[in-house]
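> Just dropping this structure here.
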Amino acid sequence: MDAFLNACRETIGADYVLTQDADVLGFVVDWRQRFQGKALAVLKPGSTEEVAALVRLCMQFNVAIVPQGGNTGLVLGSVPDSSGKAVVLSLKRLNRIRHVDPVNNTMTVEAGCILADVQAAAAQAQRLYPLSLASEGSCTVGGNLSTNAGGTAVLRYGNARELCLGLEVVTAGAETWDGLRGLRKDNTGYDLRDLFIGAEGTLGIITATVLKLFPQPKAQLTALAALQTPDAALQMLSLAQAHCGASLTAFELMSDFSLQLVGTHFPQMQLPFASRHPQYVLLELSDSESEQHASAMLESLVAEALDKDLIQDAVVATSLAQSRALWNLREHISMAQAAEGKNIKHDISIPISDIGHFISATDLLLQQGFPGCRMVTFGHLGDGNLHYNVSPPAHMPDTEFIEQQEAVNLVVHDSVHRFGGSISAEHGLGALKREELLRYKSPVEMTLMRSIKVALDPQQLMNPGKLL
Ligand code: FAD
């Protein structure tokens, strides 16, 4: 492979072809540090032309490519397998904001731009790019599109797919497709853009994109409400939508046990209530009129919910710091769970109306099969997306519990399937859930997906072993 590596060095410069273990390590270990792969090299092109030239070399030498953005993916999609035969192609140097158009409400950015930088560039133009994830300081726009990321504002603005108008892609045949159109209407045949979004790097490499922008809200208010059951939370969601309409931008559910873990591992973060309640919802309103208008809406919502006994207590953040403190509770659940020990995670979606029923039915099945297991249930209730995580019984070593992962997954995912849900709501499939796909997708869907893969990547070079 020396000839291949030398050709890569000639193409992008020797400094951007990493082969030493110490340099490569950060690119071959996944975010949760569960898996360490091996790479022939890490390639760091600086432009779309360089990406295309590298893909051409990979075709010539038959080298598989693992595209990588911020490597924050949670399903082992962005790291290579342990064969050492694939290269990691890092998009991080493609990080230019090419153009902001406040009249068309679009911005054209390169795939390696960090999400937080894109949000900041939009804000500088008095616009909002609403995609928001806890990993936004590290994840990239290309990774967001390739995983069709969700996050906390999907309820109002949609997921990454709905926030994208155009793409530039280097295909598996090393051609560059310039689809950087900022059009909201374009019915000229098959939607190629939608094929590459959510493809997890298995069809081509996204090098740039046109993103949708929105007016900045005049006011944003956050509230936390305490309630008894997920069903009460669903009724609260309907009431909030009736009161606030499109101003309701986030609606997150958190079980008491999830927040107890946060309090245990991050003692500086405490719940703002005198007593504990079984469930909590975190709501955010983004108002286009004024702070007073938003406050009035929120106050009347909380008053009616208390009156109807849907909620037992509520706090409304009156400053940015208080709002941040409430969001911090939500955003620290995963870290608190990690500090508690290993656990089995599920990122699932269910039709919203069935969520309460799903939780009670599946909790019961898990207690029957794995007595004493502790449920860490939280997530984007407004989108029907739960992070339905299972921690070991209090006195069981986590390594012993993790041995039962396949059996736990089977109970949860079969239940999801019975409820007409999806085993991956927003994280994708990667190498982690690839096998399980076969159990839940119909043969017709699998055949269509395989035909697309073969048509677009006949040499099977793009992220092999992921998704399909
Ligand atoms: P990577 O991890 O580098 O790659 C992800 C996948 O995309 C891989 O298959 C990779 O091959 C492919 N890929 C990356 N860039 C390209 C490209 N330019 N062209 C083609 N393929 C490419 N996800 C959510 O959806 N919602 C959340 O709320 C959320 N919260 C998170 C919180 C934390 C703390 C962490 C660590 C992760 C979270 N994630 C969440 C998961 C993750 O951040 C997202 O999946 C994110 O979109 C991945 O972006 P990335 O740049 O890190 O991509």
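The values are calculated or read from the model by the stated rules, or taken from the named source; none is laboratory data. Values in this document were obtained by computation on a predicted structure and should not be read as measured data. No Cβ is skipped: glycine too gets one built from the backbone with ideal geometry, and neighbour counts run over all protein chains shown. Calculation scope for accessible area: heavy atoms of the full protein, side chains included, ligands and nucleic acids excluded. Shrake-Rupley method; radii C 1.70, N 1.55, O 1.52, S 1.80 Å.
> Can you give the accessible area per residue of the chain, in Å², using a 1.4 Å probe?
44
> A further question follows. Just give me a number: lysine pairs in the chain, eight or more positions apart or cross-chain, with C-alpha atoms less than 23 Å apart.
Lysine pair count for the chain: 23.
> Kindly provide the chymotrypsin sites (Phe, Trp or Tyr not before Pro) of region 146-251 that DSSP labels as loop, not H, G, I, E or B, and whose Cβ sees at most 14 other Cβ atoms within 10 Å.
Listed in order of number, the matching sites are 190.
> What stretch of the chain, leaving out the sites themselves, is the longest with no GluC sites (Glu not before Pro) in a DSSP loop having at most 14 other Cβ atoms within 10 Å?
1-174
> Kirkwood Rh, the chain, all Cα pairs: how many Å?
Evaluated over the chain, this radius sits at 23.4 Å.
> Run the numbers on region 367-468 and let me know its relative contact order in percent, using alpha-carbon pairs under 8 Å that are six or more apart.
Answer for region 367-468 is 18 percent.
> Report the Cα centroid-to-centroid distance between region 266-327 and region 403-468 in angstrom, as an integer.
Result: 38 Å between the Cα centres.
> What is the calculated FRET efficiency for residue 235 to residue 1, with r their C-beta to C-beta distance and R₀ = 60 Å, to the nearest 0.05?
Calculated value: 0.50.
> Here is a further query. Residue 459 versus residue 315, label points 7 Å from Cα toward the beta carbon: distance in nm?
5.8
> What distance in nm lies between label points placed 7 Å from Cα along the C-beta direction at residue 402 and residue 368?
In this crude label model, residue 402 to residue 368 measures out at 2.9 nm.
> Also, I was wondering about something else. Need one number: nm distance between label points at residue 93 and residue 195, each 7 Å from Cα along Cα→Cβ, rounded to one decimal.
For the pair residue 93/residue 195, the computed spacing is 2.9 nm.
> Moving to a separate point now. So what's the convex hull volume per residue for the Cα atoms of region 328-384, in Å³?
Considering the Cα atoms of region 328-384, their hull volume per residue is 93 Å³.
> Share of the chain's accessible area from carbon and sulfur, percent, 1.4 Å?
On the chain, the fraction of accessible area on carbon and sulfur atoms equals 52 percent.
> Just from its helices, what would the mean residue ellipticity at 222 nm be for the chain, if runs of 4 or more DSSP H residues each count -39500 (n - 2.57) and the sum is divided by every residue, rounded to the nearest 500 deg cm²/dmol?
That calculation yields -11000 deg cm²/dmol at 222 nm.
> Report the gain in length on full extension from residue 126 to residue 85: 0.36 nm times residue separation, minus Cα-Cα distance, nm rounded to one decimal.
Result for the pair: 10.2 nm of gain on full extension.
> Just reorder 31, 327 by solvent-accessible area, largest first, 1.4 Å probe, all chains present.
Ranked list, largest accessible area first: 31, 327.
> Fully extended, how many nm does the chain gain between residue 360 and residue 15 (0.36 nm per residue separation, minus their Cα-Cα distance)?
Here the answer is 118.7 nm.
> Against the globular-protein guess of 2.2 N^0.38 Å, express the Cα radius of gyration of region 138-250 as a ratio, rounded to two decimals.
Ratio of Rg to 2.2 N^0.38 Å for region 138-250: 1.36.
> At a Förster distance of 35 Å, what's the computed FRET efficiency of residue 295 paired with residue 275, Cβ-Cβ distance as r, to 0.05?
0.85
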